[in-house]
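Reviewing the structure listed below.
The values are calculated or read from the model by the stated rules, or taken from the named source; none is laboratory data. These numbers were taken from a predicted model, which means no experiment stands behind them. Cβ sites come from the backbone with ideal geometry, for glycine too, and all protein chains shown count toward neighbours. Note: areas computed on protein heavy atoms with side chains; ligands, DNA, RNA excluded. Shrake-Rupley method; radii C 1.70, N 1.55, O 1.52, S 1.80 Å.
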Amino acid sequence: MPLTLAVELIEPGVRLITLQRPQALNALTTELLGELAAELNIAQADPDTRAVVLTGSRKAFAAGADIKEMAERNLVGILDDPRQASWQTITRFSKPLIAAVNGFALGGGCELAMHADIIIAGEDARFGQPEINLGIMPGAGGTQRLLRAVGKSMAMQMVLTGEPIDARQAQRAGLVSEVTQPEFTVERALHIARSIAAKAPLAVRLAKEALLKAMDTDLASGLRFERHAFTVLAGTRDRDEGIAAFQEKRSPTYTGQ
Ligand code: DAK
């Protein structure tokens, strides 16, 4: 039983993971990151799980790495850090991951949200990389993913001043796709997760992989990957089912083959 988060199975094929360290605004301890990585491993291995929604509380998605824990330890190399293995598991998660963000998403919390494929934000959400205020800098993708998400000028401003941006700024910059009233953030994310869960799983997996390729490869390599993935999907039963269902004016029943 995880102690720092709650997991609910939402039908069909959707898991909801809620970070639960309200006393510290869901600050990311080694324990919390380990439990999150373990839950993502379970979701990854479960063929019935088609999408995961990750959320926090109304006040905070996560206010960053736990500063108390950071003060107690002084880990020199990032590779010696026990949190690193958990971050790698989170990075490798290949099913659709949707973050429903209310309140603070700061430091490691903002980096965690950026690991999601889609971010839905409540109007009161604040995204920031305040590590510079602690004499350090982002270490879980906060320079690389942020710049790709919001562009150079805004990423520089956020990382070098440590000042957060609000949900509307984040949406304009492309960091989040939708802004909702805070009470509907999780509901909206679950709705999107259900919609994705109803699609052909192989198509979803390869489409996600192809889109992520666009973040870290040149256009020619990305297009090569896209053509390859498209060809693979052309030979699947789910492709035949999708087209047959359209022609027969019914909903498709996908099997993942
Ligand atoms: N860690 C620990 N406790 C935290 C916390 C944090 N990051 N953020 C908040 N809390 C605690 C507060 O200490 C307070 O606890 P008590 O004093 O009541 O015991 C409680 O949560 C409520 O917080 P506040 O009283 O401060 O609430 P306010 O509404 O006044 O302010 C705030 C909210 C979010 C503006 C403020 O709490 C704040 O500035 N928090 C710190 C934000 C921050 O600097 N985050 C970045 C941390 S550095 C790595 C990868 C990544 C990282 C590290 C390693 N590897 C790959 C190895 C990431 C580093 C970071 O994220």
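Condition first: open to solvent by 20 Å² or more (accessible area, probe 1.4 Å) and not in a helix (DSSP H, G or I). Can you find one or more residues in the stretch 97-111 that meet it? Yes; the residues of the stretch 97-111 include at least one that is open to solvent by 20 Å² or more (accessible area, probe 1.4 Å) and not in a helix (DSSP H, G or I). Could you tell me whether any residue of the stretch 13-25 is surrounded by 18 or more Cβ atoms within 10 Å (Cβ to Cβ) and touching a Phe, Trp or Tyr at 6+ places or on another chain (Cβ under 8 Å)? Yes, that holds for at least one residue. Could you tell me whether any residue of the stretch 35-43 is crowded, with 21+ Cβ neighbours inside 10 Å and within 12 Å of the ligand (Cβ to nearest atom)? No, the stretch 35-43 contains no residue that is crowded, with 21+ Cβ neighbours inside 10 Å and within 12 Å of the ligand (Cβ to nearest atom). Could you list, in sequence order, the residues of the stretch 122-176 that are within 20 Å of the chain's Cα centre (by Cα), more than 17 Å from residue 112 (Cβ to Cβ) and not in a helix (DSSP H, G or I)? Answer for the stretch 122-176, where residues must be within 20 Å of the chain's Cα centre (by Cα), more than 17 Å from residue 112 (Cβ to Cβ) and not in a helix (DSSP H, G or I): 123, 124, 151, 166, 174.
Pairing each residue of the stretch 160-179 that is touching a residue at least 40 places away in the same chain (Cβ under 8 Å) with any residue that is open to solvent by 50 Å² or more (accessible area, probe 1.4 Å) and part of a helix (DSSP H, G or I), provided the two are 6+ apart or on different chains, yields C-beta distances under 7 Å for 178/188; 179/168; 179/171. A single entry from 81, 46 fulfils the requirement of being open to solvent by less than 50 Å² (accessible area, probe 1.4 Å), over 16 Å from the mean Cα position of the chain (by Cα) and within 13 Å of the ligand (Cβ to nearest atom): 81. As a summary of the residue check, residue 64 satisfies the conditions (1) surrounded by 13 or more Cβ atoms within 10 Å (Cβ to Cβ); (2) over 20 Å from the mean Cα position of the chain (by Cα) except for the one numbered (2). Residues that are under 15 Å from residue 99 (Cβ atoms) and either assigned to a loop (DSSP other than H, G, I, E, B) or modelled with pLDDT under 95 (or both) within the stretch 31-57 comprise 56, 57, listed in sequence order. Of all the criteria given as (1) touching a helix residue (DSSP H, G or I) at 6+ places or on another chain (Cβ under 7 Å); (2) without any contact (Cβ under 8 Å) to a residue 24 or more places away in the chain; (3) not basic (Lys, Arg), the one not satisfied by residue 156 is (1).
Quick check on residue 242: is it of a type outside the set (A, V, I, L, M, F, W, C) and either free of Cβ contacts under 8 Å to residues at least 40 places away in the same chain or touching a Cys at 6+ places or on another chain (Cβ under 9 Å) (or both)? Spell out how you get there, then give the answer.
On the way: of a type outside the set (A, V, I, L, M, F, W, C): yes; either free of Cβ contacts under 8 Å to residues at least 40 places away in the same chain or touching a Cys at 6+ places or on another chain (Cβ under 9 Å) (or both): no.
For residue 242, the condition - of a type outside the set (A, V, I, L, M, F, W, C) and either free of Cβ contacts under 8 Å to residues at least 40 places away in the same chain or touching a Cys at 6+ places or on another chain (Cβ under 9 Å) (or both) - is not met.
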